[in-house]
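The values are calculated or read from the model by the stated rules, or taken from the named source; none is laboratory data. Fair warning: this is a prediction, and the values are worked out from it, not measured in the lab. Positions of Cβ are backbone-derived with ideal geometry, glycine not excepted, and every protein chain shown enters the neighbour counts. Surface accessibility is based on the protein's heavy atoms, side chains included, excluding ligands, DNA and RNA. Shrake-Rupley method; radii C 1.70, N 1.55, O 1.52, S 1.80 Å.
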Amino acid sequence: MFNTQRMTPVTITGHSSECPLCHDRQNQGGWMTNFRGLTSQLIKANFESSGILVSATFSYCPICDFGYFYPVPPSNFLNDYYRRESGGRDYDDALKWVNSYSARQPMYEIFSLMRENGIAPEQFSGKKVLEVGCGYSQFIPFATRYGMEVTAIEPGEDFANFIEHVLGVNVMRSMLDELPRDLYGKFCMLFSRDSLEHHPDPAMSIGVMHDLLEPGGLLVLSVPNLHSFSFQEMPFSHPYFAFPAHLNYFSCKALRAHLERIGFAIVYITTTTFIGELAYCMEAAIKLGLIVPDLTVLNQLASQEQLERILVFARRTSNLVLSGGAPEGQQDVGAESPTR
């Protein structure tokens, strides 16, 4: 009888890892999974590239409620991996995907939820907005339609060329920590979707995102959800279990705590499932009869923060956090942003 691959966090004697968010080393554990009702195993991952094998344990921080692969592969290995794996579509196919229903639908939902929370997209017309890790970018066509002055950051050459030549937006071919400090405080909104789960140092990245925003500036962040029902039940069959591409697995609790700790005020946080994810994230669980995604089930998963991804709107309220550390100086919440 198939008893699923359900994940369970466990404490492991002798397990050595460091949480990328809180940097705790004493309380870290891992995940066990019950595989086909026959045996339990510690979740690990291996990946070979150019004759080099990297291995990592899927680790867990009970303090943050955060999952992560440890150790992180070396930077030269990751750079080589992304050079080979990123992009690859011709411009016509990429543009068809950007304009497709499955690509546009998430933007409709995100912009609608912005409005529901008092953040009208029109407020950003003529203002500087940054997209981090844009890929082929579902965001830019919507942002430019609202008159936003968009800049993108994307180290992948194929993606960057498409954004510049087809969508007409300037791209900084850089990693977050390589951006010049004179850009700090220059953006009234920072948008990042399906990017932060890839970052080797997520605390540093979130700190830089904070510092790039002006006081009162808006962070719009979307990442896969560690506690989505389908991921917890069927991790090995889930598309977001993707080492070494995905290194970080956030929960709502982890994001709430970390964003507030470094000087963000949460405006809204929720879990959601975009329409395309109903197909490719829940497919295995549906076929095995573990879930029937009708309205009752989806509403229940939403109330328990178990949908496929996390969406958060947060505003910068503090001074510089200096690469993910504690905020520098006193809070400057009195500084009003023109986007409010």
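Here are some notes:
- Cα centre as origin, Lys/Arg/Asp/Glu Cβ charges: segment 1-96 dipole, Debye: 300
- Normalised per residue, the accessible area of the chain is 43 Å², obtained with a 1.4 Å probe and no contribution from ligands, DNA or RNA.
- Each of (i) 25.0, 81; (ii) 21.8, 80; (iii) 19.8, 61 is a candidate for Rg and Dmax of the Cα atoms in Å; the one calculated from this structure is (iii).
- Rounded Å value of the spacing that divides the Cα centres of segment 265-289 and segment 3-30: 24
- Full extension of the chain between residue 164 and residue 278 gives 37.9 nm of extra length, using 0.36 nm per residue less the Cα-Cα distance.
- Mean separation of Cα pairs under 8 Å and 6 or more residues apart, divided by the residue count, gives segment 4-147 a relative contact order of 14 percent.
- Note on segment 98-197: with charges restricted to the Cβ of Lys and Arg (+1) and Asp and Glu (-1), its dipole about the Cα centre is near 380 debye.
- Cα gyration tensor category, rounded, prolate or oblate, for segment 1-129 with a/c compared to 1.5: prolate
- Gain on full stretching of the segment that runs from residue 100 to residue 267 - 0.36 nm per residue minus C-alpha separation: 57.2 nm
- Mean residue ellipticity (222 nm) of the chain, computed from DSSP H runs ≥ 4 via -39,500 (n - 2.57), nearest 500: -8000 deg cm²/dmol
- Linear extension gain, residue 186 paired with residue 305, 0.36 nm per residue minus alpha-carbon span: 39.5 nm
- Listed residue (187, 212, 70) projecting farthest to the positive dipole end of the chain, Cβ model: 70
- Summing charges over neighbours of residue 242, with a neighbour being any other residue whose Cβ is under 13 Å away from its Cβ, gives -3 when K and R count +1 and D and E count -1.
- Charging the Cβ of each Asp and Glu at -1 and of each Lys and Arg at +1, and nothing else, the dipole of the chain about its Cα centre rounds to 500 debye.
- Per atom type, segment 212-307 shows carbon and sulfur on 58% of its accessible surface, probed at 1.4 Å.
- Of 93, 24, 211, the one that fluctuates the most in a GNM where the chain has Cα springs shorter than 10 Å: 93
- Think of segment 245-327 as having a plus end and a minus end, set by charges on the Cβ of Lys, Arg, Asp and Glu; of 297, 266, 282, 266 sits farthest toward the positive end of this dipole.
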